[in-house]
Structures are given as structure tokens and as C-alpha cells.
Amino acid sequence: MKTAIYLEDICHAYGSSISLRHISLEIKAGSCMALKGPNGCGKSTLLKIINGLVFPNKGRYLLFGEPVTKESMKNEIFSKKLHQKIGYIFQDSNAQLFSPSVYEEIIFGPLQMNISQEEADKRAKDCMRLLQIEHLAERAPYHLSGGEKKKTSIACILSMNPEILCLDEPIAGLDEESQELCLDILKGLKKAGKTIIIATHNNDLIKNIADEEYRFYSGRS
Amino acid sequence: MEHNIPDWMNLHECHKPKRDSRRFITATLKSISSASSLFRSNPKAYSPADAPVMLFISIALIIMTASSKNLYFSFVMLSVLSVRMCLLEGKDIIKAFLTALYAGIFSAIILIPSVFFGSPHSLISISLKTFITTGIIQCLSISSRWNDITASLKMFAISDLIIMSFDLTLKYIQILCSTCEDMLNALLVRSIGKNREKAASLSGISGTAFLKSKKMSEETGQAMECRCFSGHYERKIRLRHKAGNIISIILFSLIAAIFIYLEFRIS
């Protein structure tokens, strides 16, 4: 199994407040890694670093062997490829949804890929069916319930078919049935060879899906 | 329950992105971050005196500078401001100086016609006063925490409700800036090709931010009702730097004396 993500001695601070200290980890392609730790320990920051939204003050990050740095992310093609390869589901679904309807939200990504309108439409419909949100297609994302927003945000990332999925508290705020649905989908994605990184407090989710667990202790692994 | 994922999800995606400037996202992100940092509580606030004292001195100095008819006093204030700016950190000196300089240059440009109408003196004195007053405000906002400044308004007999409105405004500006930053990041990570509707994406973000602000204000109102809010909002003024306060007041008295001397003796 080749290495999808390699992080070496990653340190990060927001101003004077240190968020990550000497984090080193290797995530194999097709595996599932769970990031576990108390609130404010830096899990979301690490996911943002993996997505090239935040850059470490120190350390090295390789994505499929290619270094990801502030300079490399300035290259438009490289950064777009990275964002297609890594799908990031934010902790706060409100922050992820900006289109006027759920359908437009989900089709936003596929429309920017070099695929036909029909294919993009098929992808959007498939994702809605998978997440059981077909009935919400015309609704405005902002007015949905917390669980529905979460499912919409998962659907709009899945429609881009990323190789790596970064999920920040993916089942927080979902009812039991929706949690089971999400878990089932994640298992299917893992079977399809996707690399999954989950930041969560949920032990059941970790037990059911994670191959490895990485524990954080207030900014330190 | 079995949920089969679609076939295309099993395939490896070979995405070749098209070139399309994302400057509209990055530029908006940058401007929101800078707006947000303006209002963010400054953890390294290093004012030599407490906020109420600094606020009083700053307001008094601005009034004196604006009302002075004597150019010598403007030069005195310019040297005082230079010394005050030197007490800031390097990065902050540049920020304060450049902001004041831009304001000064802007007022000079507006006043250019006055030169042709026989009042070239106004161009120098008003531009100089704009530079000084903007510099004083910059020094105050950089070296004092915004929350301490709003609490100090109590000293000027401003009602609790107005102070509370200021506090809530400051808080929600930060929250909304951070929401907009997150939404722009979400747009950035999903802008993986050519976005033909850039304006629509940005208007979606501003629309969501507007709805969020409306919802937050309603929720704050409801939370206040639940906590039996009766219009009483007390912020206490705490004085910590005793020596700094005394030295600042002595220096201010000296400047006030110079102002009185120059205004009433010489002119």
C-alpha cells in the first residue's frame, strides 16, 4: 500500500497560541485513520493543513510523495488537483453551504470538472439518493435542519469523487438512523479504496471503521 | 441496511483542471481577514496606561489638535506622536504610520483646490492635523483592547445600553468575519476548475452571512429575555497601571499647558 499522506514533525501556532506540536504521521492509501482528542487539541487545524488551507510553521507534508507548501499551493493547477483529490467536510456545515439550492450545491463541484452536464447531473442525483436527501433538492441549504445540512455537505464533497476524504466530526448532530447511514456509506467508500481521515470523539465510529487511531493531547500527539 | 455506492465512485478520477483565476476568492479572503484582525481582541495590547486614561487623553489630544489655530502646536503634537509611535512594536509602527500617512495624503489631495483659491496654509495645516489625529487613533486601537475601550465609555456618561450595543457589534463582526472566512475556504476547496458564476458564488456567501447575522441577533434577543434582561448592563472600569496612568496624565498636562500657552499668549 502506498503512502497517501506523510506528515513529519508538523508544528503550528495561531499567533502566540500553539495549536500543533511535533505531529508526525503516515496514512496509507485506502486506509482509515481516526484523529481523536479533546476539544481545541488541533484536530481541525491538522485537517486544514492536509487540505492546504493552513500552513505549518515547521515540518514537512507530502501528498502522494509530492511536497505541499505555501509556494506549491500558489500554483493554480497543483492546488486545484489537491482540492479535487482531497474532499474536506467542515465541522460546521453552515460554513460549507453557499448555493441557493441543495441540488446546485451538490452539482457545483462536478460542473467544474471536465465532465458533461449529464454526467454532473447524474453524480448530483446519485449523491442525493445515497444520502437520502432527494426530497430536499430544491430547498435552500441554509433553512435545512442540522442533520440535513450535514448530509448535504457530505453529498457535495462525494460528488467530486475525491481519493481522500477528510471528515471533521462527520456524524455530530445526526440522529441514530442517519449515523448508521453515514457509517454504511463510509464503509462502502473504504471498500472502494478511498482513504478516510476522521476527526471525531465518537468511539463507536472509530471502532467500526478506523484501521488506526491517532490520539491528541492538547496540541501534542 | 445496504447502501451501494455508485459505480463512478469506484473509479479513479483523472481530473485535469482548467486555468481560471481564483483571485476573487483569495482577494476577498485577504480583505476579510484584515477586517477581522482589526476588531480581534488584541492579546498583546501593551498600552502604557489603562484604557480609560488613554481614551480620555486621546480624545482630549484630538480636540486640542483640531481646534488649535497655531501651526507650532501641530508640530509639537507631531513630535509627541512620533515618540508615542516609537513605543509600539516594529510591525505596529508601520501599520500606524502608513494608515495616518494615507489619511494625510487623502486630505491633501482633497484640499488641492484651496491652493488656487488663495489659502495654501489650509493644505498644510489640515493635512498635518489629519495625519496627527489618525495617528493618535491608530496608537489607541493598537495598544488597547477594544473591549476595554468600550468599557471606558462609561466614564463619559454614555449609557449602558449603548456600551452593550458596541460590545455586541464588536463580537458579531468577529463571528461573521470568521463565518465568511470558512465559507470562502469551502468555496476555495470546491473551486477545482472553471467557475463560470463567480459573482453568484460570492453573493451566496454574503446572503448566507446576512441570514446568519439576522438569526444570531434574534437568538441573542431571546437569550437575553430568558435571562430576564432588564436593560442593566454593567462593565467595570479596572485600573491596573498606576505608575503608567500618573506619568501619562503628567505628560498630558504638559501638552495641555503648551496648548494654552501657544493659543492664548502668542496668537
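The values are calculated or read from the model by the stated rules, or taken from the named source; none is laboratory data. The shown structure was predicted, so the numbers you read here are calculated from the model rather than taken from an experiment. Here Cβ is always computed from backbone atoms with ideal geometry, including for glycine, and neighbour counts include all displayed protein chains.
Go through B:Lys212, B:Lys198 for me and flag whichever is within 14 Å of another protein chain (Cβ to nearest Cβ), surrounded by fewer than 18 Cβ atoms within 10 Å (Cβ to Cβ) and touching a helix residue (DSSP H, G or I) at 6+ places or on another chain (Cβ under 7 Å). Please lay out each step first, then the result.
On the way: B:Lys212 fails: surrounded by fewer than 18 Cβ atoms within 10 Å (Cβ to Cβ).
Just a single option satisfies the conditions, and that option is B:Lys198.
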Of everything in the stretch B:191-237 that's within 28 Å of A:Leu53 (Cβ to Cβ), outside any helix (DSSP H, G or I) and not acidic (Asp, Glu), which residue is nearest to the chain's Cα centre (by Cα)? B:Ser191
For the stretch A:183-206, indicate whether the set of residues that are in contact with a strand residue (DSSP E or B) (Cβ under 6 Å, 6 or more places away or on another chain), surrounded by fewer than 21 Cβ atoms within 10 Å (Cβ to Cβ), among the aliphatic types (A, V, I, L, M) and touching a residue at least 40 places away in the same chain (Cβ under 8 Å) is non-empty. yes
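Against the definition (free of Cβ contacts under 8 Å to residues at least 24 places away in the same chain and surrounded by fewer than 22 Cβ atoms within 10 Å (Cβ to Cβ)), how does A:His135 come out, yes or no? Please lay out each step first, then the result.
Numbers: free of Cβ contacts under 8 Å to residues at least 24 places away in the same chain: yes; surrounded by fewer than 22 Cβ atoms within 10 Å (Cβ to Cβ): yes.
Yes: the conditions hold for A:His135.
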Could you please give the count of residues in the stretch A:100-129 that are in a helix (DSSP H, G or I), closer than 25 Å to A:Lys81 by Cβ and facing chain B (nearest Cβ under 10 Å)? 10
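Considering each of B:Ser191, B:Ser178 in turn, give the residue that is crowded, with 21+ Cβ neighbours inside 10 Å and out of contact with any strand residue (DSSP E or B) (no Cβ under 6 Å at 6 or more places or on another chain). It would help to see each step written out before you state the result.
Working: B:Ser178 fails: crowded, with 21+ Cβ neighbours inside 10 Å.
The match here is B:Ser191.
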Scan the stretch A:74-85 residue by residue and report those that are surrounded by 16 or more Cβ atoms within 10 Å (Cβ to Cβ) and of a type in the set (A, V, I, L, M, F, W, C). A:Phe78, A:Leu82
I'm checking my understanding of the structure. Among residues of the stretch A:130-150 that are more than 15 Å from A:Ser93 (Cα to Cα), away from chain B (no Cβ under 14 Å) and assigned to a helix (DSSP H, G or I), which one is farthest from the chain's Cα centre (by Cα)? A:His135
Matching option when the condition is surrounded by fewer than 21 Cβ atoms within 10 Å (Cβ to Cβ), in contact with a Ser or Thr (Cβ under 9 Å, 6 or more places away or on another chain) and away from every other protein chain (no Cβ under 14 Å), among A:Leu25, A:Leu46, A:Leu35: A:Leu25
Identify, from the list B:Ile162, B:Ile105, the residue that is touching a helix residue (DSSP H, G or I) at 6+ places or on another chain (Cβ under 8 Å), under 21 Å from B:Met54 (Cα atoms) and without any contact (Cβ under 8 Å) to a residue 24 or more places away in the chain. B:Ile162
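Conditions (1) in a helix (DSSP H, G or I); (2) charged (D, E, K, R), marked per residue:
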| residue | (1), (2) |
| --- | --- |
| A:Arg21 | no, yes |
| A:Ile27 | no, no |
| A:Gly30 | no, no |
| A:Ala34 | no, no |
| A:Cys41 | no, no |
| A:Lys48 | yes, yes |
| A:Gly59 | no, no |
| A:Met73 | yes, no |
| A:Phe78 | yes, no |
First in the stretch B:135-153 and acidic (Asp, Glu), second anywhere and at pLDDT below 85, Cβ under 9 Å, 6 or more apart: B:Asp148/B:Ala45; B:Asp148/B:Ser47; B:Asp148/B:Ile237; B:Asp148/B:Arg238
Scan the stretch B:171-187 and give yes if some residue there is closer than 17 Å to B:Phe24 by Cα, within 14 Å of chain A (Cβ to nearest Cβ), without any contact (Cβ under 8 Å) to a residue 60 or more places away in the chain and not charged (D, E, K, R), otherwise no. yes
